[in-house]
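Notes follow the structure.
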Amino acid sequence: MSERDSDRTGPGRIVLLTTTHRVAPGLLSWAAWRALRTADRVLCRDAAHPQLPYLKDAGVAVETAAPAAAELVAACAGGRTVVVLAGAEGERALTDGLAALAGSGRAGALPDLELLPGSYDLPGARLLDLVEVMDRIRAVCPWASGRTSAELAAYGVEEMYELVEAVETGDRVGVREELGDVLLQVVFHARIAEEDPEEPFGIDDVAGGIVEKLVRRHPHVFGDEVAETAEDVKAQWLRIKGVEKGRASVTDGVPLGQPALALAAKLVGRARAAGLDVPLPGAGAGAEGYGYRLLALAAEAGAAGVDPETALRAAARTYRTAIRAAEGAPDPGGD
């Protein structure tokens, strides 16, 4: 027994060190490194723990063992400190064993137990889990492994409509769920794109692209330009976008496959924003005449600051409620 050991008294200390797999291994807090370097023993039951190679490089000796609670208490005798590097699932068996010892009253004075987080999840860290899960599903699931982006396109449209409905009906739980479904579409398409033999890209390329775009189109945030109102920001965005895309017309980039009322509103809005005085077609007769009248209503709504697509959906929901009331059917709410 060394002189240092002979001076020690008390039941000692157990430090349960937790880490997150969503942060690069080796990136531990100073408190974690200090605990690891000053501990009398460092234990880890998982021989494949991602932190072990980095601890070895730092000169920290780790015993790959999983002692029972009683053995761990004995190892702390004489005032020693034992650090337990927790596995990904935590150390439930160990903590339950220590609790049982404390409850039995037969173990005497137990070591102090300290929970020390060695690393924390950053905002957005759970996105890494989504990428990992999607990667496995793509590799193993018989349905997902064979899908193409073209086959998924219809699902993306459906999920966006469900998100819009949840937003418009004020369904907070639904908004959260539908945002997840929309996010799944993004990650799924990006995972499929990794396999393209000629122009592959992945989720990091997608995220990197939108980050660069946001920075470019917000020079009032990331640069020296000034935009004092929301209208200033919108005009600046459209101007920068026009330069980037090299578009010859304000109608370029307007998807013609969107719902007709939304398409009409978008075209009218683009013309108005560009200061173009383009007269609306006359009403005419027959089916074409109804279309022109709807176009005129879309222009009127846009001039009043109203999204005609949203307004029509709200009116349609109200009408649906009236129909169900006439039928004596219950109101389904936002389903």
Exercise. Which members of the stretch 27-37 meet the condition of being loosely packed, with under 15 Cβ neighbours inside 10 Å and assigned to a loop (DSSP other than H, G, I, E, B)?
Worked result: LEU27
Exercise. Does any residue of the stretch 220-230 turn out to be at pLDDT 95 or above and open to solvent by less than 40 Å² (accessible area, probe 1.4 Å)?
Worked result: no
For this session: Scan VAL243, VAL278, VAL254 and give me the residue that is among the hydrophobic types (A, V, I, L, M, F, W, C), open to solvent by 40 Å² or more (accessible area, probe 1.4 Å) and within 25 Å of ILE210 (Cα to Cα).
Result: VAL243
Problem set entry | Enumeration of residues in the stretch 38-74 that are part of a helix (DSSP H, G or I) and surrounded by fewer than 20 Cβ atoms within 10 Å (Cβ to Cβ) | THR38, LEU52, PRO53, TYR54, LYS56, ASP57, ALA70, GLU71, ALA74
Problem set entry | Matching residues, the stretch 300-321, being in a helix (DSSP H, G or I), more than 22 Å from GLU162 (Cα to Cα) and either at pLDDT below 90 or not hydrophobic (A, V, I, L, M, F, W, C) (or both) | GLU300, GLY302, ALA303
For this session: Tell me which residues, restricted to the stretch 11-47, are without any contact (Cβ under 8 Å) to a residue 12 or more places away in the chain and not aromatic (Phe, Trp, Tyr).
Result: ALA24, ARG34
Problem set entry | Neighbours by Cβ (under 8 Å, 6+ apart or cross-chain): first from the stretch 241-266, part of a helix (DSSP H, G or I); second among the charged types (D, E, K, R) and open to solvent by 70 Å² or more (accessible area, probe 1.4 Å) | GLU244/ARG216; ALA265/ASP307
Exercise. Do any residues in the stretch 81-102 that are at pLDDT below 85 have Cβ atoms under 8 Å from those of residues that are open to solvent by 50 Å² or more (accessible area, probe 1.4 Å) and part of a helix (DSSP H, G or I), where the two are at least six apart or on different chains, and which pairs are they?
Worked result: LEU101/ALA70
Exercise. Within the stretch 111-162, how many residues turn out to be in contact with a Lys or Arg (Cβ under 9 Å, 6 or more places away or on another chain), assigned to a strand (DSSP E or B) and of a type in the set (A, V, I, L, M, F, W, C)?
Worked result: 1
For this session: Working only within the stretch 163-180, note down all residues that are in a helix (DSSP H, G or I), charged (D, E, K, R) and crowded, with 16+ Cβ neighbours inside 10 Å.
Result: GLU165, GLU178
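The values are calculated or read from the model by the stated rules, or taken from the named source; none is laboratory data. Because the structure is a prediction, the values reported are computed rather than measured. Virtual Cβ from ideal backbone geometry, glycine too; neighbours counted across all protein chains shown. We work out accessible area using only protein heavy atoms, side chains counted, and drop any ligands, DNA or RNA first. Shrake-Rupley method; radii C 1.70, N 1.55, O 1.52, S 1.80 Å.
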